[in-house]
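Reading through the structure tokens given below for one structure.
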Amino acid sequence: MHSLPTAVISLIKEQAAVRGLYRDPLPEVTHAVRTEVVTGTTGWFGRGRERRRATELLLTPDVLVVTDRDPDAPDADAQVTFYRLAQLDVARIDGAEPGLELVGTPVGATERGARVVETDGGPEVDRFHRALLAASEDSRRIDVPSSRMPAESEGVRELF
């Protein structure tokens, strides 16, 4: 986690506030994994250029933070997505192209969707997957995730 560029850390903090998370999720990260995918593109006159995409998965007790960026370019193109663990389903994909499938509604979105994060299927990803499943199960046992605003967790109050 300490290897994240400063611009990405700032983006995570900014987007957490914009999307209504009660607090900065970075100090609570318990597990993290980074994947890089190299893709070839077709250029002019048959010359191809390799492009890399880095994806970081940062796990907190109640939120999964997913960053997606080009590690070779300025971090202006970085994207960040937050998933509440209580609303997230995770499946491990084995085979020729291993990965983790995330099915849920990102914080701030209105529709549920699926996303596959390609991995190498190594032991680090296996440990992260187990921790993600355990944290997701734990968050479902709690009525209200702790990342919500305190007023939301107390229920509706009468104004009379």
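What length, rounded to one decimal in nm, is gained on full extension from Asp68 through to Arg23, with 0.36 nm per residue of separation minus their alpha-carbon distance?
Numbers: separation 45, 0.36 × 45 = 16.20 nm, distance 2.12 nm.
Roughly 14.1 nm would be gained on extension.
If each residue of separation counts as 0.36 nm, what is the full-extension length gain between Arg92 and Ala109 once their alpha-carbon separation is subtracted? Let's see the in-between values first.
Working: separation 17, 0.36 × 17 = 6.12 nm, distance 2.36 nm.
Result: 3.8 nm gained on full extension.
Enter the accessible area of Glu50 (Å², nearest 10), with the probe set to 1.4 Å and all protein chains included.
140
Given a 1.4 angstrom probe, I'd like the percentage of the accessible area of region 10-133 that is carbon and sulfur, rounded to a whole number. Display every interim value, and only then the final one.
Details: 3340 of 6830 Å².
Here carbon and sulfur together make up 49 percent of the probe-accessible area.
On the full set of protein chains, 1.4 Å probe, figure out the accessible area of Arg130 and give it in Å² to the nearest 10.
130
Taking R0 as 30 Å, what FRET efficiency do you get between Arg53 and Arg141 from their Cβ-Cβ distance, rounded to the nearest 0.05?
Numbers: r = 35 Å, r/R0 = 1.16.
Using R0 = 30 Å, I get an efficiency of 0.30.
Along Cα→Cβ, 7 Å out, is where each label goes; now give me the distance between the ones at Asp77 and Ile9 in nm to one decimal.
2.4
At q = 0.13, 0.22 Å⁻¹, what log₁₀ I(q)/I(0) does a Debye calculation on the Cα points of region 15-134 give, no solvent, two decimals?
So the normalised log intensities are -0.56, -1.37.
How do Thr6, Thr81 stack up against each other in accessible area, from largest to smallest, with a 1.4 angstrom probe? List each step's numbers first, then the result.
On the way: Thr6 105, Thr81 30 Å².
Descending order: Thr6, Thr81.
The values are calculated or read from the model by the stated rules, or taken from the named source; none is laboratory data. Remember, it's a predicted structure, so these values are computed and weren't measured experimentally. Positions of Cβ are backbone-derived with ideal geometry, glycine not excepted, and every protein chain shown enters the neighbour counts. Just the protein is used for accessible areas: all its heavy atoms, side chains included, with ligands, DNA and RNA removed. Shrake-Rupley method; radii C 1.70, N 1.55, O 1.52, S 1.80 Å.
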